[in-house]
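Colleague: Quick one: this structure, given as structure tokens, is what I'll be asking you about.
Please treat every number below as a calculation from the coordinates, not as lab data. A quick note: this is a predicted structure, and the numbers were derived from the prediction, not measured. Cβ atoms come from the backbone with ideal geometry, glycine included; neighbour counts cover every protein chain shown.
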Amino acid sequence: MIQLYKQGAYLLNGTELVEDTPEAAAILQSKLGTVPTKEEAAQNTMAYGILKAHNTSDNMDKLKIKFDRLTSHDITFVGIIQTARASGLEKFPVPYVLTNCHNSLCAVGGTINEDDHMFGLSCAKKYGGIYVPPHQAVIHQFAREMLAGCGKMILGSDSHTRYGALGTMACGEGGPEIVKQLLNKTYDINMPGVVAIYLTGKPQKGVGPQDIALAIIGEVFANGYVNNKVMEFVGDGVQNLSVDYRIGIDVMTTETTCLSSIWTTDSQVKDFYEMHYRPEEFAELKPGKVAYYDGVVYVDLSTIKPMIAMPFHPSNTYTIEELNANLEDILADVEKKAQISLDGKIPFTLRDKIHNGRLYVEQGIIAGCAGGGFENICDATDILAGHSIGADEFSLSVYPASQPIFMELVKNGSVAKLMETGATIRTAFCGPCFGAGDVPANKGLSIRHSTRNFPNREGSKITNGQIASVALMDARSIAATAVNKGYLTAATDIDVNFTKPKYFFDKTIYDNRVYNGVGKADPSVEIKFGPGIVDWPSMVPLTEDIMLRVVSEIHDPVTTTDELIPSGETSSYRSNPLGLAEFTLSRKDPAYVGRAKQVRAAEEIRRTGACPMKEDEEISAAFRVVKAAYPDLKARATEIGSTIYAVKPGDGSAREQAASCQRVLGGLANIAKEYATKRYRSNLINWGMIPFIFEEEELPFHNLDFIFIPGIRTAIINKATKVKAYVVRDTLEEFELQIKEMTDDERQIILDGCLINFYKESNK
């Protein structure tokens, strides 16, 4: 049972919930002898205490956070460091870990990937960072093992930066937010709401952390219950979960669209830090005697059954039992939902997977920051031991999340047992999670203990007539399905003795291989630049008036960052801004790049001093209409840029390239009904793009329309929340766009044209 409270609640002594009803005051008086205000009680959450300790402003409503540690991987750190270098970087001010777990196997583009790795190593030496070579660990496992600390805050340029189960508040953001920290600036946000995730009971045998996570995601994603809030895990059920289990739930909180997470800590967490040779990082964390939460997700762990998230979103959840009992109906509904994501461009069915009344899948994957943990793999091994996965289409691959985990699985015999079944064991790699490894066959269905199952994220390409799909499951049920050679099976339907072997962390693996330059910056080191590493193109300050052209119109309920800039093989071009931009919206709207380039060409002509009206008849015609109403308008002084409209863009990855690729193609804005995540909106702002809001259902503009916005620079300066805009047709048709709250720095970044320009101006 999962219950969402309709209003906030008080938590007394970490155990008793009192819902915020008219009767709450009397209950609090009787139990506490006093009635604290909500504001007072809200200061007793763990989240508030950690944020207060890291806030550098004198206002807890307007936070300016400095993080203790930073982390990035090899499809983000090149762009981040290049941006920071252009903005005056001298050395890393806090420990900054550069891991290499995304481009370690995706071999597109010759030497590009390894060139990026050598760039990272040379920067770790020059600026004083930590460099984790390929195959040593996925980014989040290394952070858990070597970076997390109770009461600490970590910022990472990957959306699954979540270490709350270890008492660490962590956030995943786009690269520019890392740049700000590298330049000793702050992470500026309003005080987030805090929602209690109250766990009680104990999971059933065979139910794993992914099952709990998917059950929660299914309840809170669509309604935005925890959107941009902190999820605070409390309750008597926490003690019934191992630390590995908690980590498996925690990492998936990203898929709820929350801002961050934090858990109570106990002796098990203390043992974790001692096992990893960092006992000083442990501290007991728990809410105060009475804490107020903006909402409560009440989870009875004993009632959760093995879950599956069907294509194409982690929130598209069912129990495996329910799915197996209603295959035809549920698969028909999944297919119907899928056509929204696929725009009806390609035939898609899952009902052909029904063989003899059962659902058959072609592939199983246990991998990455979610699935590659020690306990997940050991439990899967116990289920699979002595069985065969068969010699047919079904395959199984297992990726331990780090070399220390891999070594212990070798020592305790798990690897040998898995290999005997026909499964393959791989090194630490994030590829299966974003389409750079184990891509299924066309029309294939893969079950994965990983983080996401968005369209094309498994690696297929709709524009090439390919379609495959992923369903998310826990490692235990994947193993149970593998025992039955691909027929969907819940782990609770398998008779198994879980041996629960003890984990021993071998620190010498990292001592022997990881470069640790913290406190040892060497300015004399020359950075190694491969030919694929290209500087950011120049961007201009915002002009007083702007002319936008709509070059893509997307009406899906949610648009993911994978759709804005595809993952997979495009990762190898992430160090080349213009090269990567060629893939923008390529799997959603292939015409976008050409349209955006046409607009950018007109802007480039404007910048050289020529009149754009002489070069592009459509733009010329639009300016003639505008000048009829604004005769003093100077076309040469008016910035021309593109924009996209999407209902709710930005769900998923933190990758800044979802915004920067639009920007280098001449993007000036996004228009949306709302933004799916804070991090995507921040990415837009940091790349000088205005995050407009238009909340009405019926649009006044459509694809390829021109939109004229006069006085936008003055509006940004004056902190206007609304601006007049005009659709340019035979005449100007007025409508209104909203600009939600921005910090003073964010407004200046847009005025300056991008974060790089902002720092250049600041350093003058």
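Colleague: Search the structure for amide H atoms under 5 Å from the amide H of Gly667, placed 1.01 Å from N in the peptide plane, and list their residues when 5 or more places away or on another chain.
Modeller: Ser642
Colleague: ³J(HN,Hα) across the range 539-546 via Karplus (A = 6.51, B = -1.76, C = 1.60, θ = phi - 60°), whole Hz, x for Gly/Pro?
Modeller: 10, 9, x, 5, 8, 4, 10, 9
Colleague: Residue-wise, which Karplus ³J(HN,Hα) couplings in Hz belong to the range 173-188, taking 6.51 cos²θ - 1.76 cosθ + 1.60, θ = phi - 60°, and x for glycine or proline?
Modeller: Computed from phi, the couplings for the range 173-188 are 9, x, x, x, 5, 5, 4, 4, 5, 5, 9, 6, 9, 10, 9, 9 Hz.
Colleague: Once you place label points 7 Å from the Cα toward the Cβ at Met1 and Glu39, how far apart are they in nm?
Modeller: According to this spin-label approximation, the distance is 3.6 nm.
Colleague: How far, in nm, would the chain grow between Arg607 and Lys528 when pulled straight, counting 0.36 nm per residue and subtracting the alpha carbon separation?
Modeller: Net length gain for the segment: 25.1 nm.
Colleague: Name the residue from Leu32, Val728, Ser87 whose Cα lies farthest towards the positive end of the charge dipole of the chain, charges +1 on Cβ of Lys and Arg and -1 on Cβ of Asp and Glu.
Modeller: Projecting each Cα onto the dipole axis, the largest value belongs to Ser87.
Colleague: Moving on. Quick check: net charge around Ala659, other residues with Cβ under 11 Å of its Cβ, Lys/Arg +1 and Asp/Glu -1?
Modeller: In short, +3.
Colleague: Same structure, new question: Quick query: amide H of Met153 versus all other amide H atoms, modeled in the peptide plane; which residues come in under 5 Å with a sequence gap of 5 or more or a different chain?
Modeller: Asp68, Arg69
Colleague: Another one. So, how do all the Cα-to-Cα distances of the range 175-315 break down into 5 Å bins, in percent, from 0 on up?
Modeller: 2, 9, 16, 20, 18, 16, 11, 5, 2, 0
Colleague: Would you calculate the separation in nanometres between label points at Val647 and Val410, each defined as 7 Å from the Cα along the Cα-to-beta-carbon direction?
Modeller: 5.0 nm
Colleague: Please compute the Kirkwood hydrodynamic radius of the range 536-627 from all pairs of different C-alpha atoms, in Å with one decimal.
Modeller: Its Kirkwood hydrodynamic radius stands at 15.2 Å.
Colleague: Let me ask something else. List the residues whose amide H sits under 5 Å from the amide H of Asp188, counting only those 5 or more places along or on another chain, with H placed 1.01 Å from N in the peptide plane.
Modeller: When sequence neighbours closer than 5 places are left aside, the close amide H contacts are Ile65.
Colleague: Just to be sure I understand the model, the point goes 7 Å from the Cα along the line to the Cβ. What's the resulting Gln268 to Gln204 distance in nm?
Modeller: Reported label-point gap for Gln268 and Gln204 is 2.0 nm.
Colleague: Kirkwood hydrodynamic radius (Cα pairs, Å) of the chain?
Modeller: The answer is 26.7 Å.
Colleague: So, by mean Cβ neighbours within 10 angstrom, what's the order for 92-98, 427-433, 340-346, 664-670 with the highest one leading?
Modeller: Highest mean packing first, the order is 427-433, 664-670, 92-98, 340-346.
Colleague: Under 16 Å from a point placed 7 Å out from the Cα of Gln738 along the Cα-to-Cβ direction: which residues of the range 633-660 have their backbone N that close?
Modeller: So the set is 646-649.
Colleague: Now, a different point. What percent antiparallel are the DSSP beta bridges of the chain, to the nearest 5?
Modeller: Among the beta bridges of the chain, antiparallel pairing accounts for roughly 40 percent.
Colleague: With the cut-off at 1.5 for a/c, could you classify the range 481-636 from its C-alpha gyration tensor as rounded, prolate or oblate?
Modeller: Oblate is the answer for the range 481-636, as a/c is 1.5 or above yet b/c matches or exceeds a/b.
Colleague: Under a no-solvent Debye model with one identical scatterer per Cα of the range 26-82, what's log10 I(q)/I(0) at q = 0.28 Å⁻¹?
Modeller: Calculated log10 I(q)/I(0) at the listed q: -1.06.
Colleague: For the range 66-188, give the share of DSSP beta bridges that are antiparallel, in percent and rounded to the nearest 5; count only bridges with both residues there.
Modeller: If I count the DSSP bridges inside the range 66-188, around 5 percent turn out antiparallel.
Colleague: Net charge around Thr34, counting only other residues with Cβ within less than 14 Å of its Cβ (Lys, Arg = +1; Asp, Glu = -1)?
Modeller: +2
Colleague: I need the peptides 372-385, 7-20 ranked by packing, meaning the mean over residues of other C-beta atoms within 10 angstrom, with the highest value on top.
Modeller: 372-385, 7-20
Colleague: Give me the base-10 log of I(q)/I(0) for the range 637-764 at each q in 0.21 Å⁻¹, Debye formula, one uniform scatterer per Cα, rounded to two decimals.
Modeller: -1.38
Colleague: For Thr111 and Glu16, compute 0.36 nm times the residue count separating them, minus their Cα-Cα distance, and round to one decimal in nm.
Modeller: 28.4 nm
Colleague: Another question, then. Please list, or write none, the aspartates and glutamates whose alpha carbon is within less than 19 Å of the alpha carbon of Lys38, excluding same-chain residues fewer than 8 places away.
Modeller: Cross-link targets: Glu16, Glu19, Asp20, Glu23, Asp61, Glu232, Asp294.
Colleague: Report, for the range 308-497, the % of DSSP beta bridges that are antiparallel, rounded to 5.
Modeller: Given both bridge residues lie in the range 308-497, the antiparallel proportion sits at roughly 30 percent.
Colleague: Helix 112-127 sits at what angle to the longest principal axis of the chain, using alpha carbons and giving 0 to 90 degrees rounded to 10?
Modeller: It is inclined by approximately 90 degrees.
Colleague: Give the shape of the range 546-762 as rounded, prolate or oblate, defined through the alpha-carbon gyration tensor: a ≥ b ≥ c are the square roots of its eigenvalues, a/c under 1.5 means rounded, and otherwise the shape is prolate if a/b is larger than b/c and oblate if not.
Modeller: rounded
Colleague: What are the radius of gyration and Dmax of the range 617-673, computed over its Cα atoms and given in Å?
Modeller: For the range 617-673, the Cα radius of gyration and maximum Cα-Cα distance read 15.2, 45 Å.
Colleague: Roughly what angle does helix 327-342 make with the longest principal axis of the chain, taking Cα atoms, 0 to 90 degrees, to the nearest 10?
Modeller: In the chain, helix 327-342 runs at an angle near 30 degrees to the longest axis.
Colleague: If you take the charge dipole of the chain about its Cα centre, with +1 on Lys and Arg Cβ and -1 on Asp and Glu Cβ, which of Gly237, Leu396, Thr638 is farthest toward its positive end?
Modeller: Result: Thr638, furthest along the dipole toward the positive end.
Colleague: Between His555 and Lys31, what is the FRET efficiency for a Förster distance of 51 Å, r being their Cβ-Cβ separation, to the nearest 0.05?
Modeller: The computed FRET efficiency comes out at 0.50.
Colleague: Excluding residues on the same chain fewer than 8 positions from Lys507, give the aspartates and glutamates whose Cα lies under 17 Å from its Cα.
Modeller: Candidates past the 8-residue exclusion: Glu145, Asp271, Glu274, Glu280, Glu281, Glu408.
Colleague: Compare the peptides 22-29, 677-684, 641-648 by average per-residue count of other Cβ atoms within 10 angstrom and give them in order, highest first.
Modeller: Per-residue Cβ counts within 10 Å, averaged per peptide and sorted highest first, yield 677-684, 641-648, 22-29.
Colleague: Subtracting the Cα-Cα distance from 0.36 nm times the residue separation, let me have the gained length for Asp511 to Glu321 in nm, one decimal.
Modeller: Difference between extended and current length: 63.8 nm.
Colleague: Considering only Cα-Cα distances, which of the following residue pairs are longer than 32 Å: Lys336/Lys673; Lys461/Lys760; Lys6/Lys648; Lys205/Lys411; Lys597/Lys673; Lys52/Lys724?
Modeller: In this structure, Lys461/Lys760; Lys52/Lys724 lie more than 32 Å apart at Cα.
Colleague: Could you tally the net charge around His313, taking each other residue with its Cβ under 9 Å from the Cβ of His313, Lys/Arg +1 and Asp/Glu -1?
Modeller: Spelling it out: positives minus negatives among the neighbours equals 0.
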